[in-house]
Ligand code: GUN
């Protein structure tokens, strides 16, 4: 059984990106610049954004973190958030930016996503990027699916002709990953099934998987009886579960019961240290690509 070490692969990729950034600066090209908007103080979002800012430093990028307060007494208005998005759209020094999700419930999240200029949408969430991806055109691929595909590729796990079962149909993971893996060509050509809360006899479907992707955000949901011997399992879950033995008071729990499932696997991603670090480097790769595209217009 192989552990698919996302942390190690991410470190290799960050070193490759840093080399490319050094080459760029020698040629007089600017450092890629990623900005992130973080609204409020959601614990998970704080951690993810801090990791993204740290990764920018490791890659030699400039980064800007824009923190916006929103409380019950003083909620951030939609207009204020849209104005901040517009500023980043118009700022020629910013190559790409993200608005960390989830946003407070009173904010129209989709309107915010659609306000981001597609050529700066390094999350790949704008409908232009989603649409281009679904028909195989050059675009910013959403970070988690791109990270999963890269982790498989770097571990010599091919997808051509494989039966891939994805559990979870989110716009961020399930849908774009299905589109990527069913595309013609390298790291595509898979037969993809997407399961969700209305799928009957889920076990019968997951047992057919050569590659099983668990992305529904339900800790420990995938149990040993749900997989066949020799499966490759990709665990996208990162639920915070209270744990009094940890300094932080919680631990990250995947969607897969790792102890029970891993003995049946050919390969499996750990949580943490699997998909998470790969998601962050995908964002870095998109930001480098955005900077390359913007070079011509500077
Ligand atoms: N929240 C969870 N994952 C993501 C992500 O990849 N991008 C953004 N912007 N928010 C997220």
* Convex hull over the Cα atoms of region 165-232, averaged projected area in nm²? -> 4.7 nm²
* Rounded to a whole number of µm²/s, how large is the Stokes-Einstein D of region 145-298 at 20 °C and 1.002 mPa s, given Rh as the Kirkwood radius over C-alpha pairs? -> 132 µm²/s
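What's the ranking of 116-129, 70-83 by average number of surrounding C-beta atoms within 10 Å, highest first?
116-129, 70-83
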* To do: Could you calculate the contour length gain from residue 110 to residue 86, that is, 0.36 nm times the residue separation minus the distance between their Cα atoms, to one decimal place in nm?
  => 7.1 nm
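In whole angstrom, how long is each semi-axis of the equivalent ellipsoid of the chain, when you take the square root of 5 times every eigenvalue of its Cα gyration tensor and sort them from largest down?
Over the Cα atoms of the chain, the ellipsoid semi-axes are 31, 23, 19 Å.
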* Kirkwood hydrodynamic radius of region 50-106, from inverse mean 1/r over distinct Cα pairs, in Å -> 13.1 Å
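Beyond 19 Å, what share of the Cα-Cα pairs of region 59-213 is found? Please give it as a whole percent.
61 percent
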* Asked: Rounded to whole Å and sorted largest first, what semi-axes of the equivalent ellipsoid does the C-alpha gyration tensor of region 149-194 yield via the square root of 5 times each eigenvalue?
  -> 17, 11, 9
* Asked: At what distance in nm do the modelled label points of residue 203 and residue 137 sit from each other, each positioned 7 Å from its Cα along Cα→Cβ?
  -> 4.5 nm
* log10 of Debye I(q)/I(0), alpha-carbon scatterers only, for region 1-145 at 0.17 Å⁻¹ -> -1.08
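Take the Cα pairs of region 1-55, get the Kirkwood Rh, then feed it into Stokes-Einstein at 37 °C and 0.692 mPa s and tell me D in µm²/s.
After rounding, the answer is 239 µm²/s.
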* Size of region 99-159 along its principal axes in angstrom, Cα-based, largest extent first? -> 44, 24, 16
* Directionally averaged projected area (convex hull, Cα atoms, region 124-184), nm² -> 4.1 nm²
* Where the convex hull is taken over the Cα atoms of region 256-298, what is its projected area averaged over directions, in nm²? -> 3.9 nm²
* **Antiparallel DSSP beta bridges within the chain, as percent of all bridges there, nearest 5** => 10 percent
* Asked: Taking a temperature of 25 °C and a viscosity of 0.890 mPa s, what whole-number D in µm²/s does Stokes-Einstein yield for region 193-263 with Rh from Kirkwood over alpha carbon pairs?
  -> 190 µm²/s
* **Burial ranking of peptide ranges 154-161, 90-97, 21-28 (average Cβ count within 10 Å, highest at the top)** => 90-97, 154-161, 21-28
* Counting alpha carbon pairs within less than 8 Å and at least 6 residues apart, what relative contact order, in whole percent, applies to the chain? -> 21 percent
* Structure fact -> Between residue 191 and residue 240, the two model label points (7 Å from Cα along the beta-carbon direction) sit apart by a distance in nm of 4.2 nm
* Round to the nearest 0.05 the FRET efficiency obtained for residue 293 and residue 11 when R0 = 25 Å and r is the Cβ-Cβ distance. => 0.45
* Gain upon complete extension [residue 29, residue 77; 0.36 nm per residue less C-alpha separation] -> 13.6 nm
* For region 220-235 versus region 11-40, the gap between their alpha-carbon centres in whole angstrom -> 36 Å
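Each value in this text was obtained by applying a stated rule to the coordinates, not by laboratory testing. The model shown is predicted, which means the values in this text are computed figures rather than measured ones. Note that each Cβ is placed from the backbone with ideal geometry, even for glycine, and that neighbours are counted across all protein chains shown.
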